[in-house]
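The values are calculated or read from the model by the stated rules, or taken from the named source; none is laboratory data. The shown structure was predicted, so the numbers you read here are calculated from the model rather than taken from an experiment. Cβ sites come from the backbone with ideal geometry, for glycine too, and all protein chains shown count toward neighbours. Just so you know, the surface numbers come from the protein's heavy atoms only, side chains and all, with ligands and any DNA or RNA stripped out. Shrake-Rupley method; radii C 1.70, N 1.55, O 1.52, S 1.80 Å.
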Amino acid sequence: MNAATRDITLGIAALAVAGVWWALAAAIPVSLLADAVGPGGVPKAVAMLMAAAGAVLVLRSVLRPARERPARPAHGRAAGLLALLLAYVLGLPLIGYPLALGLLAGAVALYAGARPGLGLAGFAAAIGALFWFVFVRVMGIPFPAGTLFGGL
Amino acid sequence: MGAFTDVSVIATAFGGTLWGILGGALPGISPSIAMALLLPFTYGMEPIPAIVLLASVYVGAEYGGSIPAILIRTPGTNAAAATTLDGYEMARQGRGGEALGISLVSGLVGGLFGLGVLVVATEPLARVALAFTPPAYFALAVLGLSVIAGLAGGALTKGLIAASLGLMIATVGTDPVSGVPRFTFGSPELLAGIRPILVMVGLFAVAEMLVQIGEPDWAKAEARDTRLKLPSLALFRRLLPAQAIGCGIGTFEGVTPGAGGTIAAFMAYNEAKRWSRDPDAFGKGAPEGVAAPEAANNVVTATALVPLLSLGIPGSNSAAILLGGFLVHGLTPGPMLFERAPEVVWGLYGGLLLANIAMLLLGLVILTPTLWLVNRPKPYLVAAILALIVSGVFAIEQSVFDIGLVLGFGALGYALRWAGVPVLPLVLGVVLGFMLESNYRRSLVLSGGDHAVFVEDPVALGLLAAALLLTGFSLWREFRRTT
């Protein structure tokens, strides 16, 4: 995708987001306590600002397209990392903080290129234990203990 | 002042500062949380050591936020977000030690300057706080947003899209006037709105990890700093104008309740860039880009206490915890505090001074090992950074939902980077959105819907005129650059 197409896509996305935001703002119920502007007034103004900027971006990209080719980032790698993080979010309440964090650290390190082996396992265990000690023991933050192990 | 030759008070200051630096460096542990965690321990203490402890944590935490901002693009506190711009760029170029040194020294300059202002000008500056009406706060938010053109880095239209997105995020939650839920999609977690720190950690830190995972190795520099490098005398002289800008803006923003270090840091960055001989170097590792915001947010650390001490108004969460520390010992901040318990006021001043000294000395000790830590092999470092992020984010509200939000903002930040959209205007929109909307609407309620209220209030008029000037200047420069 070249820069002009990318900018046009961005401009159209901005117009779409602005349209959805306006519609959502218009649907906010107005309470008896509301002022003259109302709860939807400022969001609507912001939606108009975004729509105007999106329209200018589309017009400018059509009339005077940018010529450079943007770099091609590795979207697949990023999506893989995001999937690992989402797995942590889903697994945290089930298996508890230290285990989930250790598994996340090990999986991310492996995914990022660490060699599998005892060193990696030790790293994962150390991260789980160290962070549990700092956040749970020292700071007293109630991380999930894991419903699978009878905790909350 | 005899208390300050007491070894136990000095040890309290060093311990508090160390705890604050560590807390500030952990994303999600805000200065107020770091202070709140120690507040129960102050019950059994004498008033002066108790206030020194809380003040030291405050100073340490405000400084500590800059360490991960520079080294791993993760602002530990909201106010450190502006430091990521050039600080992280310097670290990428192998100049992390130099960036940390500039941050430490500029933080010290700002902290001491702010303390001087606090000591000599608390009472006259309190009048500034009293002059701020809702129209003036609205105008202050507009002034903050006027720096968007400068922060957009030559992509003004995209900057406006980003700022609008930030303002949209700021409107999520309960309506500030009528109390109606907006854009919460039935989720109780969104009723209180979205905390700016979640947006920043997602946009800066998670997005950076998503980008880095697709690259073969860290962008290798010729030679990486492995030790803390304090600025030379020549560099220090060069940084003075940027620090002076930070000190000036930090003083003004600090004495205004609710304005805070984040706005001060962004404005200082923008003004340092505007008045620089080489503005194009900003964003590419300019030392002034670290010095100005660091000086500004450390000045705010002290000057934010002006409304607390003189009027009894806590202008920030941290000041509110400090207020709690005073109340625990039967002391009520306000005009009478100077007459009833002057020794405690001087205790606070002394505590801030000790904390700044401790910040320098502790920084000299702990920053080199920190640099060593971030130069570890990439796979392990990425994993450890993400472990820190997900743990720190959960710690804020003990919410798994918040981790999901941060990941969502990470994906958004990744997409925005790919689309060439600057994220700073978005951050500014999030930070200023609530202040802008709530004060705009309050002003209109007070004036019966008459918009003339914004030009009849002299402070508001002055701030709006300044915003107009700044925007005009930025647009003119943008126009000259593109033609």
Quiz item: So what's the net charge close to B:SER232: Lys and Arg +1, Asp and Glu -1, counting the other residues with Cβ under 11 Å from its Cβ?
Solution: +2
Self-check item: the range B:393-456 versus the range B:349-378: alpha-carbon centroid distance in Å
Solution: 32 Å
Practice problem: Give me a single rounded figure for B:427-439: the average over its residues of other chain Cβ atoms within 10 Å of their Cβ. | Solution: 1
Quiz item: What is the ratio of the Cα radius of gyration of chain B to 2.2 N^0.38 Å, where N is its residue count, to two decimals?
Solution: 0.93
Practice problem: Based on a Kirkwood Rh over C-alpha pairs, give the Stokes-Einstein translational diffusion coefficient of the protein assembly as shown at 25 °C and viscosity 0.890 mPa s in µm²/s. | Solution: 98 µm²/s
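Only helical DSSP H runs with n ≥ 4 go in: add -39500 (n - 2.57) per run for chain B, normalise by residue count and round the 222 nm mean residue ellipticity to 500 deg cm²/dmol.
Mean residue ellipticity, 222 nm, calculated: -23000 deg cm²/dmol.
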Quiz prompt | Rounded to whole Hz, the Karplus (6.51, -1.76, 1.60) HN-Hα couplings of the range A:51-58, x for glycine and proline | solution = 4, 4, 5, x, 5, 4, 5, 5
Exercise. Take every residue in peptide A:101-112, count the Cβ atoms of other chains within 10 Å of its Cβ, and give the average of those counts.
Key: 5
Exercise. Just name one of B:ALA466, B:GLY289, B:GLY448: the one whose Cα is farthest towards the positive end of the charge dipole of chain B (beta-carbon charges, Lys/Arg +1, Asp/Glu -1).
Key: B:GLY289
Practice problem: Please give the FRET efficiency for B:THR226 paired with B:PHE473, using the beta carbon to beta carbon distance and R0 = 51 Å, rounded to the nearest 0.05. | Solution: 0.80
Quiz item: If we sort A:22-28, B:403-409 on the protection proxy, mean other Cβ atoms within 10 Å, highest first, what's the order?
Solution: B:403-409, A:22-28
Practice problem: Calculate the dipole size of the protein assembly as shown relative to its Cα centre from +1 charges on Lys and Arg beta carbons and -1 charges on Asp and Glu beta carbons; express the result in debye to the nearest 20. | Solution: 1900 debye
Exercise. Output ³J(HN,Hα) for the range B:170-182: one whole-Hz value per residue in order, computed from phi by the Karplus curve 6.51 cos²θ - 1.76 cosθ + 1.60 with θ = phi - 60°, and x for Gly and Pro.
Key: 5, 8, 5, x, 7, 4, x, 9, 9, x, 7, x, 10
Quiz item: Whose amide H sits under 5 Å from the amide H of B:ARG182, counting only residues 5 or more places off or on another chain, with H placed in the peptide plane?
Solution: B:GLY173, B:THR174, B:ASP175
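If you take the alpha carbon radius of gyration of the range B:337-483 and divide it by 2.2 N^0.38 Å, what ratio comes out, to two decimals?
The range B:337-483 yields a ratio of 1.62.
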Exercise. State the percentage of accessible surface on the range A:3-63 attributable to carbon and sulfur atoms; use a 1.4 Å probe and exclude ligands, DNA and RNA.
Key: 79 percent
Exercise. Can you tell me the order of B:231-239, B:325-333 when each peptide is scored by its average per-residue count of other Cβ atoms within 10 angstrom, highest first?
Key: B:325-333, B:231-239
Exercise. Pull up the cross-link candidates among the lysines for B:LYS229, meaning alpha carbon to alpha carbon under 24 Å and not fewer than 8 places away within one chain.
Key: B:LYS220, B:LYS273, B:LYS284, B:LYS378
Practice problem: May I ask you to derive the relative contact order of the range A:32-152, considering only C-alpha pairs under 8 Å and at least 6 residues apart, and to give it as an integer percent? | Solution: 25 percent
Quiz item: So what is the relative contact order of chain B, in percent, for Cα pairs below 8 Å that sit 6 or more residues apart?
Solution: 29 percent
Exercise. Work from the charge dipole of the protein assembly as shown (Cβ charges, +1 for Lys and Arg, -1 for Asp and Glu, about the Cα centre) and give the residue of A:LEU10, B:HIS329, B:GLN243 farthest towards its positive end.
Key: A:LEU10
Quiz prompt | Interface residues, the range B:359-385 - accessible area loss of 20 Å² or more versus chain alone, probe 1.4 Å | solution = B:PRO379, B:TYR380, B:ALA383, B:ALA384
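Once Rh for the range B:156-218 is found with the Kirkwood sum over Cα pairs, what is the Stokes-Einstein diffusion coefficient at 37 °C and 0.692 mPa s, in µm²/s?
The calculation lands on 238 µm²/s.
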Quiz item: What list of ³J(HN,Hα) couplings, whole Hz, do you get for the range A:25-38 from phi and the Karplus terms 6.51, -1.76, 1.60, once you set θ to phi - 60° and write x for glycine and proline?
Solution: 5, 5, 8, 5, x, 9, 7, 5, 7, 5, 8, 5, 6, x
Quiz item: With every protein chain in place, what's the accessible area of B:MET336 (1.4 Å probe, Å², nearest 10)?
Solution: 90 Å²
Quiz item: Residue separation times 0.36 nm, minus the C-alpha to C-alpha distance between B:ALA415 and B:LEU240: what's the value?
Solution: 59.3 nm
Self-check item: Highest average packing first - B:419-429, B:67-77, Cβ atoms within 10 Å
Solution: B:67-77, B:419-429
Quiz prompt | Chains B and A together, accessible area buried on both sides, 1.4 angstrom probe, square angstrom | solution = 5100 Å²
Quiz item: Under a Cβ-Cβ cut-off of 13 Å, what is the net charge of the residues other than B:PHE401 that fall near it, where Lys and Arg count +1 and Asp and Glu count -1?
Solution: -2
Quiz prompt | Contact order relative to length of the range B:62-119, as percent, for alpha carbon pairs under 8 angstrom and 6 or more apart | solution = 26 percent
Practice problem: Could you work out the Rg to Rh ratio of chain A, with Rh taken as the Kirkwood radius (inverse of the mean 1/r over all Cα pairs)? | Solution: 1.19
Quiz item: Once the Cβ-Cβ distance between A:ARG64 and B:LEU233 is put in as r, and R0 is 56 Å, what FRET efficiency do you end up with, to the nearest 0.05?
Solution: 0.70
Quiz item: Ignoring ligands, DNA and RNA, what percent of the accessible area of chain B is carbon or sulfur (1.4 Å)?
Solution: 66 percent
Exercise. Using a Förster distance of 25 angstrom, determine the FRET efficiency expected from the C-beta separation of A:LEU118 and B:LEU373, and round it to 0.05.
Key: 0.70
Quiz item: From the residues A:VAL136, B:ALA207, B:ILE357, which one has its Cα farthest along the dipole of the protein assembly as shown in the positive direction, the dipole being from +1 and -1 charges on Cβ of Lys/Arg and Asp/Glu about the Cα centre?
Solution: B:ALA207
Quiz item: How many angstrom lie between the C-alpha centres of the range A:94-152 and the range B:237-309?
Solution: 39 Å
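Please work out the average accessible area per residue across the protein assembly as shown, using the 1.4 Å probe convention, and give it in Å².
39 Å²
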